[in-house]
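Here's the structure we're looking at; comments come further down.
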Amino acid sequence: MTPELFALIETLTAARSLPLNGYQRLIEARCPESAALLAKQAVQARKEIYGNTVYVRGLIEISNFCRNDCLYCGIRRSNRHCQRYRLTPEQILACADEGYLLGFRTFVLQGGEDIFFTDKILCELICTLKQKHPDCAITLSLGERSRESYQLLREAGADRYLLRHETADRTHYQSLHPPEMSYEHRMQCLQDLRELGYQVGCGFMVGSPGQTSAELARDLKFMEEFKPDMCGIGPFVPHRDTPFRKEPAGTVELTCYLLSILRLIYPPVLLPSTTALGTIDPQGREKGIQAGANVVMPNLSPVSVRKQYELYDNKICTGEESAQCRDCLDARMRSIGYEIVTSRGDIKTF
Ligand code: SAH
């Protein structure tokens, strides 16, 4: 490893920060030795806070109807080949009940931006969920809504909100999204969510078309400044019915490298080892944990609709029952010396 890389890693570990060009160099000049050192430091930093435990969240994909047209996403509105579905509130509650029996204490309701899910319908759903399972945390991942809407959902009982910023570079953001979407609005949503008292998750894809180490450096700087409770990152994976069908997927290597850096920037942050990572590499989720991630999100959606929530090609875990997904991840984590815990899994800040 070059003295430059070594010095950058020393500074990052001590100061929890690098200048923008420092992040960029750390990415550009990376080598297997710098990856190994970062992973070692990241695992150490996580261990001091979370031991060898991995938090688990039950993911319920409530709808694949979407009014947006993000260029990378398989459920974008202009994909005519996408078979649309939407779960009823009763189906969603049934998924959560099943999840509860399997030990889940956090439910993530994720979906496209489906106008069927009005504030009224969502608030009723959240209230019922909270009444049935008061010891559970509810996370929403339903895209951009108005501040008023976020406020109502929060008052109804939602605890957390995941909204990946996708990229912290305005020009890059525009190249990934249709003209009616804006970087400013995405960032405003994250700000609103935080002010309303949500635990907030941001995040980005690794290897999205047009992304260079300069954009990634901005993502790292944003994460350093915003200090989200959670940061979801996973490789970009092309979907055959999108304009990015011919673009190459992101790599496990770079995703893991960034997971280690994110852990060192903000040691308490919740970092999921994502399904996308498991999709491009059969051992991807294990590698993510070994690089510094501490959350996994098995799927609780009804098997009948799993295949339809296809954000990218070849998504894994579309054939198994919820219990199988839970058991599979349990075994995978144990195989690398980690233990899944079934608490709400809140961030541990001091
Ligand atoms: N509509 C919600 C949920 C989006 S799906 C929202 O806007 O937040 C969750 C995440 O999947 C997205 O934020 C995006 O980062 C990721 N994603 C979408 N398409 C993808 C692809 N082709 N490859 C990898 N990740 C993708």
Exercise for the section: Inspect all residues belonging to the stretch 103-110 and state whether any of them is more than 16 Å from the ligand (Cβ to nearest atom) and farther than 26 Å from ARG332 by Cβ. Expected result: no
Fill in the blank from the handout: When (1) more than 30 Å from LYS47 (Cα to Cα); (2) touching a Phe, Trp or Tyr at 6+ places or on another chain (Cβ under 9 Å) are applied to ASN314, the one that fails is (2)
Fill in the blank from the handout: Checking SER301, SER260, SER273 in turn, the sole residue that is under 23 Å from GLN41 (Cβ atoms), within 15 Å of the ligand (Cβ to nearest atom), among the small types (Gly, Ala, Ser) and modelled with pLDDT of 95 or more turns out to be SER273
Practice task
Please specify each residue of the stretch 168-207 satisfying the condition of being over 19 Å from the mean Cα position of the chain (by Cα), part of a loop (DSSP other than H, G, I, E, B) and more than 26 Å from MET297 (Cβ to Cβ).
Solution key: PRO178, PRO179, GLU180, SER182
Exercise for the section: Mind listing whichever residues of the stretch 224-251 are within 11 Å of the ligand (Cβ to nearest atom), among the hydrophobic types (A, V, I, L, M, F, W, C) and not in a loop (DSSP other than H, G, I, E, B)? Expected result: ILE233
Practice task
Report whether or not GLY288 is modelled with pLDDT of 95 or more, buried (at least 20 other Cβ atoms within 10 Å of the Cβ), out of contact with any strand residue (DSSP E or B) (no Cβ under 7 Å at 6 or more places or on another chain) and closer than 21 Å to ILE60 by Cα.
Solution key: no
Problem - Count of residues meeting criterion [assigned to a loop (DSSP other than H, G, I, E, B) and polar (S, T, N, Q)] in the stretch 279-325 - result: 6
Exercise for the section: Would you list the helices (runs of 4 or more DSSP H) that sit entirely within the stretch 30-149 and hold 1 or more residues that are under 26 Å from LEU264 (Cα atoms) and under 23 Å from the mean Cα position of the chain (by Cα)? Expected result: 32-50
Handout entry: Unique residue being surrounded by fewer than 18 Cβ atoms within 10 Å (Cβ to Cβ) and under 24 Å from GLY288 (Cβ atoms) when the list is GLY99, GLY74, GLY51, GLY58
Key = GLY51
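The values are calculated or read from the model by the stated rules, or taken from the named source; none is laboratory data. All values reported here derive from a predicted model rather than from experimental measurement. So basically every Cβ, Gly included, is an ideal-geometry build from the backbone, and we count neighbours across all protein chains shown.
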